[in-house]
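No lab work stands behind these numbers, since they all come straight from the coordinates. If you're wondering where the values come from, they're calculated on a predicted model, not measured in any experiment. FYI the Cβ positions are ideal-geometry reconstructions off the backbone, even for glycines, and counts take in every protein chain you see.
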Amino acid sequence: MSEEDVPLFEELLPAIEKGRLTRPESKKMYAIYNRTFNANAKPCNCTGKNQRMVTKLQQAYEHRCKI
């Protein structure tokens, strides 16, 4: 996760913890994910996919914060 994406992800953490992302928050999460993992994921209402993405982003965030 880039240094620029860390504060953006931190803004999303309260909504992620509640399990409810608004559409703009979801778009932001996908953008961070795509930049972090060089992916081309598109926003969807797929609970399983979104949960896997959150898990991977949290791992990248934790790894970045330990550096």
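Restricting the chain to GluC sites (Glu not before Pro) that sit in a DSSP loop and have at most 16 other Cβ atoms within 10 Å of their own Cβ leaves E3, E4.
The alpha-carbon of K18 sits under 20 angstrom from the alpha-carbons of these lysines, leaving out residues fewer than 8 places away in its chain: K27, K28, K49, K56.
Result for the chain in a Gaussian network model with C-alpha springs under 10 Å: among T47, T55, T36, the largest mean-square fluctuation is at T47. Phi angles across the range 45-51 convert, under the Karplus curve 6.51 cos²θ - 1.76 cosθ + 1.60 with θ = phi - 60°, into 3J(HN,Hα) values of 9, 7, 4, x, 4, 4, 5 Hz, Gly and Pro given as x.
With K and R counted +1 and D and E -1, the other residues having a Cβ less than 13 Å from that of P43 yield a net charge of +4. Shown here for the range 5-67: trypsin sites (Lys or Arg not before Pro) in loop regions (DSSP other than H, G, I, E, B) with at most 10 other Cβ atoms within 10 Å, namely R20.
Computed from backbone phi, the HN-Hα couplings of the range 59-65 come to 5, 5, 5, 4, 5, 5, 6 Hz, rounded to whole numbers (Karplus: 6.51 cos²θ - 1.76 cosθ + 1.60, θ = phi - 60°; Gly and Pro given as x). Based on the Stokes-Einstein relation at 10 °C and a viscosity of 1.306 mPa s, and on the Kirkwood radius from alpha carbon pairs, the chain is assigned a translational diffusion coefficient of 134 µm²/s.
Other residues whose C-beta falls under 12 angstrom from the C-beta of L21 contribute a net charge of +2, scoring Lys and Arg +1 and Asp and Glu -1.
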